[in-house]
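Data block below; observations after.
Derivation of every value follows stated rules applied to the coordinates shown; laboratory data play no part. Please read these numbers as outputs of a predicted model, since none were measured by experiment. We place every Cβ from the backbone using ideal geometry, glycine too, and count neighbours over all the protein chains shown.
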2 protein chains.
Amino acid sequence: MSDADKAMALCAAADALRQDAKDILAANARDCEAGETRGLSTALLDRLRLDPSRLAVIADSVDAVAALPDPVGQEIDRRIAPAGMVLRRVRVPIGVIGIIYESRPNVTIDAAALCVRSGNAVILRGGSEAVHSNRALRGSFARGLASAGMDPAAVQLVPTQDRDAVGAMLAASGGIDLIIPRGGKSLVARVQADARVPVLAHLDGICHTFVHAEADPDTARAIVVNAKLRRTGICGAMETLLIDRDYPDAARLLAALVEGGCEVRGDDMVLELEPRAVSASDEDWDTEYLDAIVSVAFVGGLDGALAHIARHSSGHTDAIITRDATAAARFQAEVDSAIVMVNASSQFADGGEFGLGAEIGIATGRLHARGPVALEGLTTYKWLVEGTGQIRA
Amino acid sequence: MSDADKAMALCAAADALRQDAKDILAANARDCEAGETRGLSTALLDRLRLDPSRLAVIADSVDAVAALPDPVGQEIDRRIAPAGMVLRRVRVPIGVIGIIYESRPNVTIDAAALCVRSGNAVILRGGSEAVHSNRALRGSFARGLASAGMDPAAVQLVPTQDRDAVGAMLAASGGIDLIIPRGGKSLVARVQADARVPVLAHLDGICHTFVHAEADPDTARAIVVNAKLRRTGICGAMETLLIDRDYPDAARLLAALVEGGCEVRGDDMVLELEPRAVSASDEDWDTEYLDAIVSVAFVGGLDGALAHIARHSSGHTDAIITRDATAAARFQAEVDSAIVMVNASSQFADGGEFGLGAEIGIATGRLHARGPVALEGLTTYKWLVEGTGQIRA
């Protein structure tokens, strides 16, 4: 389908979600009731619950994806072969994307919209707690696509909640081209361990912020508090703070975290400077809290920070705060993570904040796509060779 | 290491190979003798054998790789985030590449040079029949690197011929970032089936050439004969010829193949036009002969060709011969293969012929890199974010 046809199909799907709001909310209410009966936590119930305004946001996000530029057909490069043929690399869809996810029903629509926009078919496997919501959302979305002439089979929902279905997806080499898990660590770990199909994912977001000796104290305090506490549950939240032993304003920095409501787990120097801190154990340096807890270590300058990060980073997002451009450049060159930041909060590690329009996930693997994965990451390319009768000598 | 340092290390490695020629050739002679004793085929012995001129070519190819532009540090794109940070995507090495290959000892050096040029470490696992050659080549190459200040551990050879070593490489998730198998179909199939590490490879090269009704007859004959017969053993060799039922010069096209020494296996219409042809079985359409044999089918126009290719192509290289630009464009849009050619011989499916300088292999998977994989395919990227104190709202 052309760029315009895909965009129109997505707008039709957004309209369908608006028209079907009553049925979708009724289906969601069934899931929420069942979840309450089953004793789901308040946090999980909140993730599961849709209301008219949340559903409107979901439908609007589909329109926003429709408005993004279509990566399919984009020319990556063009060259002339030694024998004279014109060679072009042009983006094409990957094929069939499998999404395995947990309670948030908005993932059903976000993932479907991004896959459709980039010309892929998608097979969705949501959590059992959202089964009615997901069926209603997918049904409405697919009807919208069909009304605009797209095959509704482009967006499929695994019809069973049988756990074997996940195993079948993970083994579907040749049938599914890429699996993207969205959810907690145990889900991602299972997918990574068992998949025979390529996987784009991140397991951990153990993000470090290093406050260099030459950091501006006000900037450092603002960024560190934001990186840790703005939202503690996202993968880009800072989990470990590294402070240069020569940084002069460490006590105020630690106090700001404690006074922001954060538990500080530190080494001896931290305990000395901040009496409200507790002692960190060895495991703290490898722990993603996703909570108002931070591990803090003093390090010997940039070398000490680089050594700590090389050992403990999960390769997601690491940041330096400094006014020293040489230190910043070396940090960016030597830290081997998907995202390496200078003087900014690691909470910006997000496709939307990067201006990519939306993201299907964040990847910390080393192949294909790294960091926030948006439409471009859902494409591959092919080589188009145009000759005038060339034969190889 | 910088671009210049890596290039100088490679030139030093090339010089080392020249200086150590006597020892390398002596080691190779041991392998060749052992191979003769073990009854290796003439073809395998020829692949295994080095002589002064072949070794000189290998050393020169290292200099050629040294002269290629370094992909590391290249900026893929640059944008300003909505919050004002400068975002850049910059190429970085993948990390540790595992190469699992068979008898040709030149792969030892070609692969090592490409990995070193792109900043990767490489773990080489060659075939047992080339064990002495590979040790001598790797030893000389690594000494050359070391003489220019590079850690020789950047290029390692698995010290044992134990088959378990391959299994260990395939399972080395987290230790090896990418496996590239180079060799016959059974090797590639084993690697693809067992690897827990990402793999770049192609299993089959079932390449089609479609002669459209509007093909120029002289062009079609020249390309078809070249695509099939120039070298029959390479993965870009044509294996199936599709002829439009409306193509007027089919008899001469078939005669040219037969007279070039090719066995033609065809459908009824082929047998009618070319009495020297034999009848094709169902398996012929899915067979990579790598020999002077071709399967030939008549198809109903472009639609027929697209349907046949969708069913039987291995996704490597498929070509159309036509003077009709609309047909060519539709063929390029709808054939979902790594390389789609118009009016050129599929034997051009090669990184060198594409002007990439050299190739580490050809990939028919859908992630990361597709078609000929050269230096760029041995890199990934990271996001560099430069802020001025931004915190997320």
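To the nearest 20 Debye, how big is the dipole of the stretch A:207-348 about its Cα centre, given +1 on the beta carbon of each Lys and Arg and -1 on that of each Asp and Glu? Mind showing how you got there, number by number?
Working: 11 positive and 24 negative charges, 94 e Å.
That gives a dipole near 440 debye.
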**Asked** Mind checking the alpha-carbon convex hull of the stretch A:287-329 and giving the volume per residue in Å³?
**Response** 99
**Complete:** Among beta bridges assigned by DSSP with both residues in the protein assembly as shown, the antiparallel ones amount in percent, to the nearest 5, to 25
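Sort B:PHE348, A:PHE354 so that the residue with the fewest other Cβ atoms within 10 Å of its own Cβ comes first and the one with the most comes last. Working shown, then result.
Numbers: B:PHE348 27, A:PHE354 23.
Listing B:PHE348, A:PHE354 from fewest to most nearby Cβ atoms yields A:PHE354, B:PHE348.
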**Request:** For the stretch B:180-320, calculate the relative contact order in percent as a whole number, restricting contacts to Cα pairs under 8 Å that are 6 or more residues apart.
**Result:** 31
**Message:** What does the copy distance list look like for A:PRO52, label position 7 Å along Cα→Cβ, in nm and ordered from shortest?
**Reply:** 9.0
**Complete:** Between A:ILE243 and residues 5 or more places away or on another chain, the pairs with built amide H atoms under 5 Å apart involve A:VAL211, A:ALA297, A:PHE298, A:VAL299
**Asked** How large is the helix-only mean residue ellipticity at 222 nm for chain B, computed as the sum of -39500 (n - 2.57) over DSSP H runs with n ≥ 4, divided by its residue count, in deg cm²/dmol to the nearest 500?
**Response** -12000 deg cm²/dmol
**Asked** Hey, fewest Cβ within 10 Å first, where do A:MET269, B:MET169, B:MET8 land in order?
**Response** A:MET269, B:MET8, B:MET169
**Prompt:** How large is the charge dipole for chain B, taken about the Cα centre, if only the Cβ atoms of Lys, Arg (+1) and Asp, Glu (-1) carry charge, to the nearest 20 debye?
**Reply:** 1560
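Can you bin the stretch A:207-348 into rounded, prolate or oblate? Criterion: square roots of the alpha carbon gyration tensor eigenvalues sorted a ≥ b ≥ c, rounded for a/c under 1.5, prolate for a/b above b/c, oblate for the rest.
Details: a/c = 1.35, a/b = 1.18, b/c = 1.14.
The shape class here is rounded.
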**Prompt:** Put +1 on the Cβ of every Lys and Arg and -1 on every Asp and Glu Cβ in the stretch B:103-251; which of B:THR232, B:ILE179, B:VAL166 then has its Cα farthest towards the positive end of the dipole?
**Reply:** B:VAL166
**Asked** In the stretch A:213-304, which trypsin sites (Lys or Arg not before Pro) fall in coil by DSSP and have 13 or fewer other Cβ atoms within 10 Å?
**Response** A:ARG231, A:ARG245, A:ARG276
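What number comes out for the charge environment of A:ASP216, summing +1 per Lys or Arg and -1 per Asp or Glu over other residues with Cβ under 10 Å away? Could the numbers behind the result be given before it?
On the way: positive: A:ARG221, A:ARG323; negative: A:GLU214, A:ASP218, A:ASP249.
Once positives and negatives cancel, what remains is -1.
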**Asked** Looking only at A:ALA29, A:ALA67, A:ALA325, which one moves most when chain A is put into a Gaussian network model with springs between Cα atoms under 10 Å?
**Response** A:ALA325
**Asked** Check A:HIS316: other-chain or 5+ apart residues with amide H under 5 Å from its amide H, H built from backbone geometry?
**Response** A:ILE206, A:ALA338
**Fill in**
For chain B, percent of DSSP beta bridges that are antiparallel (nearest 5) comes out at 30
**Request:** Pop a pseudo-label 7 angstrom from the Cα along the beta-carbon direction at both B:THR42 and B:SER173 and give the gap in nm to one decimal.
**Result:** 4.7
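Note down the Stokes-Einstein diffusion coefficient of the stretch B:294-364 in µm²/s, whole number, using a Kirkwood radius over alpha carbon pairs, 37 °C, and 0.692 mPa s.
On the way: Rh = 13.1 Å.
The Stokes-Einstein estimate is 250 µm²/s.
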**Fill in**
Dividing the mean separation of Cα pairs under 8 Å (6+ apart) by the residue count of the stretch B:297-340 yields a relative contact order in percent of 45
**Asked** Within 10 Å of each Cβ of B:363-375, how many other protein chain Cβ atoms are there on average?
**Response** 4
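Given a Förster distance of 35 Å, report the FRET efficiency between A:GLU259 and A:ALA325 from their Cβ-Cβ distance, rounded to the nearest 0.05.
So the FRET efficiency works out to roughly 0.65.
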**Fill in**
Taking r as the C-beta separation of B:GLN161 and B:ASP3 and R0 as 41 Å, the FRET efficiency to the nearest 0.05 is 0.70
**Message:** Can you give me the convex hull volume of the Cα atoms of the stretch A:2-121, divided per residue and expressed in Å³?
**Reply:** 119
**Message:** Given the rotation that superposes chain A on chain B, what residue of A brings its beta carbon nearest the axis, and what is the distance in Å?
**Reply:** A:HIS368, 2
**Message:** Over 5 Å intervals from 0, what percent of Cα-Cα pairs in the stretch B:244-327 sits in each interval?
**Reply:** 3, 13, 23, 25, 23, 10, 2
**Prompt:** Highest GNM mean-square fluctuation, chain A, Cα pairs closer than 10 Å: which of A:ALA165, A:ALA59, A:ALA83?
**Reply:** A:ALA83
**Request:** Mind checking which of B:LEU271, B:HIS312, B:VAL340 is farthest towards the positive end of the stretch B:207-348's charge dipole, using Cβ charges of +1 (Lys, Arg) and -1 (Asp, Glu) about the Cα centre?
**Result:** B:VAL340
**Request:** Once the label point is placed 7 Å from Cα along Cβ, list for B:ASP291 the distances to the corresponding points in the other copies, in nm, shortest first.
**Result:** 6.7
**Asked** Roughly how many nanometres apart are two label points built 7 Å out from the Cα toward the Cβ at B:ILE76 and A:ASP23?
**Response** 4.1
**Message:** Give me the mean projected area, in nm² to one decimal, of the convex hull enclosing the Cα positions of the protein assembly as shown.
**Reply:** 35.3
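What does the charge dipole of the stretch B:99-230 about its Cα centre add up to, to the nearest 20 debye, if the Cβ of each Lys and Arg holds +1 and the Cβ of each Asp and Glu holds -1?
Values: 14 positive and 12 negative charges, 65 e Å.
Using Cβ point charges on Lys, Arg, Asp and Glu, the stretch B:99-230 gives about 320 debye.
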**Message:** For A:MET269, place a label point 7 Å from Cα along the Cα-to-Cβ direction in every copy; what are the distances to the other copies, in nm, shortest first?
**Reply:** 8.0
**Message:** Using the Kirkwood radius over C-alpha pairs as Rh, can you work out the diffusion coefficient of chain A via Stokes-Einstein at 37 °C, viscosity 0.692 mPa s, in µm² per second?
**Reply:** 143
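What FRET efficiency, computed as 1/(1 + (r/R0)^6) with R0 = 51 Å and r the Cβ-Cβ distance, is obtained for B:ARG231 and A:GLU334, rounded to the nearest 0.05? Each step should come with its number before you reach the end.
On the way: r = 45 Å, r/R0 = 0.89.
After rounding, the FRET efficiency stands at 0.65.
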**Message:** If you take every residue apart from B:GLY266 with its C-beta less than 12 Å away from the C-beta of B:GLY266, what net charge results, scoring Lys and Arg +1 and Asp and Glu -1?
**Reply:** -4
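Working from the pairwise distances between different alpha carbons, so that the mean of 1/r is found and then inverted, what is the stretch B:73-163's Kirkwood radius in Å? Kindly include the intermediate steps, with their values, before the conclusion.
On the way: mean 1/r = 0.0674 Å⁻¹.
By the Kirkwood definition, the hydrodynamic radius is 14.8 Å.
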